[in-house]
Amino acid sequence: MKKALEILNLNVWFGEEPNRVDAVKSVSFAIKQGDSFGLVGESGSGKSTVLRAITGLVPNWSGDILVDQKQLGAKRDRAFYKTVQMVFQDPYASLHPRHTVDRVLSETLQLHGFGDIDTKIPKLLDDVGLSAAFRFRYPHQLSGGQRQRVAIARALAPEPEILLLDEPTSALDVSVQAEILNLLCDLRAEHNLTYVMVSHDLAVVGHMCDEVAVMQHGAVVEMMTVDKMRQQQADHPYSKHLLESSARYRA
Amino acid sequence: MSNLVDVENLWVRFPTRTGLFDAVRGVSFSLGKERLGIVGESGSGKSMTGRALLRLIRKPGIVEADRMQILGHDVMSLPEKEMRKLRGRDISMVMQDPKYSLNPVMRVGEQIVETLSIHEKVDKKLARQKALEMLEAVVIRDPERVYDAYPHELSGGMGQRVMIAMMLIANPKILIADEPTSALDVSVQIQVLEIMDKLVRERGMGLIFISHDLRLVSNFCDRILIMYGGRIVEICESGKLDQATHPYTRGLLNSMPQLDHKNERLEVLNRDPAWRDQESVSGLL
């Protein structure tokens, strides 16, 4: 299987010396097409910054990012955004409050040069389990779960191959989280998507992913398969600590 | 009267353009010297119940109850001045997010001392001493430094511990914790909860723990009220969570992904409109 996404020696920093902060330190991983990869760690461990670096949302980075075996430059072109899309953590903040669902989706479709928008939008809404009645609603007329569905529909609009998921359910209630996680699983199977998922919740990552990287202080301290994680078999002391607190929390 | 708190038939209402909205609908419960959990999803009325108890519901919100007593005081009729004395000294509340609940332009130590000096006359030096001891009790390694720090200089976990210190320094008999750790990382969550749990137990306080996380609450409470649509739908002993019968409680339990084994699909909660109309279960002791 070919590699959908490969990251080699990624470094991200903010600020200049002497105030320079290294948020991500030589992180490398590769994801095969159709796989689902998880990044876990505490707040400040740099897991979200890795996703932001991939989408080109951070100014200073070094290393190699390869999408479909093509090297990314300093600027992301339209072809990149057609391949890679991101779903953000907080659906209350990531949707424009004065744009209707229709406008959010049609803008994305127009940007990527799709015609026939009128038939595409109901199809997209249907994909994420919303009826066509939601098309002309504003975000404040939607619940948190419905908003996140709209955010996912927007990410799906350009028919991407890779979805970057930044804590897609941490702002939602558990029962709504279950709906969104099920939806994401279905979409991955239907559209043969590749996922990179960031979460602090090990159970969520375990449910969604095949392989997991544990991050601490900007570096990946351990890579493990989800099976290993389920059996609490971590090698690095930090991942052990993380697994233990998670297990105790769930007990 | 041995119960710390008694609430009978509590209603919280808010006027809206389309008429009165009932956030809490006829809830009854009491708190003994125990750890009581209130669990529900957003909008279930759990936080409003906690706030109503401290009389923190602002106008135009309407609070009605047949009886609402804290340590024998009638909360419904107590003058505001008396109520203010009650808050902090007898009953206090830890809020969800330290970022929004601490005064950003006041040193942490001064904020802790303020709680103390409002309720009793204390010598400045002694107050500082007490605040430092309290910071130590919540396992802050360097209390002297934290005392002089501003809230923005602290991490989320430290901020939350400072809040707990602040709430416990006047030795209240009841602590209400409203999602005290939802803003924190898993590994810090456990630490903060264990500190809170230890202090509450050592001091023989009553705890009302409000959270959306059923499993977490079952770890730290003796009795759990499960709320849905402003009512209590079920009451569980914490050890007997697996024997819960209400479909909502079961749904909450089953919709969570598990770390130790894989479910191909997560169970999705089908909300039955009938749940909203069921009689509220009484949690009175």
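The values are calculated or read from the model by the stated rules, or taken from the named source; none is laboratory data. Predicted model only: the values in this text are computed from it and were never measured. Cβ placement follows ideal geometry from the backbone for every residue including glycine, while neighbour counts extend to all protein chains displayed. Areas reflect the complete protein model, heavy atoms only, side chains present, ligands, DNA and RNA absent. Shrake-Rupley method; radii C 1.70, N 1.55, O 1.52, S 1.80 Å.
State the answer as a single residue: which of B:L116, B:M163, B:N219 lies farthest towards the positive end of the charge dipole of the stretch B:5-277, with beta carbon charges of +1 for Lys and Arg and -1 for Asp and Glu, about the Cα centre. About the Cα centre, the residue reaching furthest to the positive side is B:L116. Summed over both chains, the accessible area lost when B and A associate is about 2800 Å², using a 1.4 Å probe.
B:R51 sits among other residues whose Cβ lies under 11 Å from its own Cβ, and their net charge, with Lys and Arg +1 and Asp and Glu -1, is +2. Rounding to the nearest 10 and keeping the result within 0 to 90°, find how far the Cα-based axis of helix B:108-119 lies from the longest principal axis of chain B. Once rounded, the angle reads 80 degrees. When B:D66, B:D197 are compared by accessible area at a 1.4 angstrom probe, the order from most to least is B:D66, B:D197. Mean partner shielding of peptide B:251-257, defined as the number of other chain Cβ atoms within 10 Å of each residue Cβ, is 6.
DSSP assigns beta bridges within chain A; of those with both partners inside it, close to 55 percent run antiparallel.
With the simple model of a label 7 Å out from the Cα in the direction of the Cβ, B:L253 to B:R67 spans 3.2 nm. Between 0 and 90 degrees, the angle of helix B:80-89 with respect to the longest Cα principal axis of chain B falls at about 80 degrees. Counting Cβ atoms of other protein chains within 10 Å of each residue's Cβ and taking the mean over peptide A:198-207 gives 4.
What FRET efficiency comes out for B:N103 versus A:K120 if R0 is 45 angstrom and r is the Cβ-Cβ distance? Round to the nearest 0.05. It comes to 0.35. If you filter the stretch B:100-200 for GluC sites (Glu not before Pro), then keep DSSP loop positions with at most 12 other Cβ within 10 Å, what is left? Hits after loop and neighbour filter: B:E120. Of the trypsin sites (Lys or Arg not before Pro) in the stretch A:51-136, the ones in a loop by DSSP (not H, G, I, E or B) with at most 14 other beta carbons within 10 Å are A:K75, A:R98.
Sorting A:S199, B:S155 by accessible area puts them as B:S155, A:S199; the probe is 1.4 Å, largest comes first, and only protein heavy atoms count. Compute the helix-to-body angle for A:144-156: its Cα long axis versus the longest principal axis of chain A, expressed 0 to 90° and rounded to tens. Orientation of helix A:144-156: about 90 degrees from the principal axis.
Accessible area per residue was computed with a 1.4 Å probe on protein heavy atoms; B:V24 scores about 0 Å². Dipole check for chain A: with +1 at the C-beta of Lys and Arg, -1 at the C-beta of Asp and Glu, and the Cα centre as origin, the magnitude is about 340 Debye. Applying both filters, DSSP loop and at most 13 other Cβ atoms within 10 Å, to the trypsin sites (Lys or Arg not before Pro) of the stretch B:60-158 gives B:K121, B:R141. Modelled label positions at A:F136 and A:K75, each set 7 Å beyond Cα in the direction of Cβ, lie 3.9 nm from each other.
A straight Cα-to-Cα reach below 17 Å connects A:K25 with the aspartates and glutamates A:E6, A:E16, A:E17, A:E42, A:D64, A:E222, residues fewer than 8 places away in its own chain not being considered.
Each of A:F29, A:Y92, A:N182 was placed along the dipole of the protein assembly as shown (beta-carbon charges, centred on the mean Cα), and the one lying farthest toward the positive end is A:Y92.
With 28 Å as the limit, the listed pairs A:K47/B:K130; A:K3/B:K262; A:K2/A:K75; A:K82/B:K99; A:K47/B:K198; B:K46/B:K124 have A:K47/B:K130; A:K82/B:K99; A:K47/B:K198; B:K46/B:K124 beyond it between alpha carbons. Residues of the stretch A:181-196 buried by at least 50 Å² of accessible area upon assembly of all protein chains, compared with the chain on its own (1.4 Å probe): A:N182. Electrostatic bookkeeping for B:F14 treats Lys and Arg as +1 and Asp and Glu as -1; over the other residues with beta carbon under 15 Å from its beta carbon, the sum is +4. Using the Cβ-Cβ distance between B:M76 and B:S182 with R0 set to 25 Å, the FRET efficiency works out to roughly 0.25.
Computed from point charges on the beta carbon alone (+1 for Lys and Arg, -1 for Asp and Glu), the dipole magnitude for the stretch B:5-277 about its Cα centre is near 640 Debye.
The Cα atoms of chain B give a gyration tensor whose axes a ≥ b ≥ c have a/c of 1.5 or more with a/b no greater than b/c, which makes the shape oblate. Calculated FRET efficiency, B:L241 to B:E133, Cβ-Cβ distance, R0 = 51 Å: about 0.90 to the nearest 0.05. Peptide B:264-276 has a mean of 3 when you count, residue by residue, the C-beta atoms of other protein chains within 10 Å of its C-beta.
In whole percent, what relative contact order does the stretch B:5-277 give with Cα contacts below 8 Å and a gap of six or more residues? Relative CO of the stretch B:5-277 lands at 25 percent. A crude spin-label estimate for the pair B:K262 and A:D64, with each label 7 Å from Cα along the Cβ direction, gives 3.1 nm.
Figure legend: label point modelled 7 angstrom from the Cα of B:R17 along Cα→Cβ; residues of the stretch A:136-167 with amide N under 19 Å from it are A:136-143. Ligands, DNA and RNA left out, the 1.4 Å accessible surface of chain A is 48% carbon and sulfur atoms.
Taking all protein chains into account, the per residue accessible area for the protein assembly as shown stands at 45 Å² (1.4 Å probe). About its Cα centre, the protein assembly as shown has a charge dipole of approximately 1100 debye under the convention of +1 per Lys or Arg Cβ and -1 per Asp or Glu Cβ, with nothing else charged. Where only DSSP H runs of four or more residues are counted, chain B gives -10000 deg cm²/dmol as its mean residue ellipticity at 222 nm, each run worth -39500 (n - 2.57). Net length available on complete extension from B:R201 to B:D123 is 25.3 nm, with 0.36 nm assigned per residue and the Cα-Cα distance removed.
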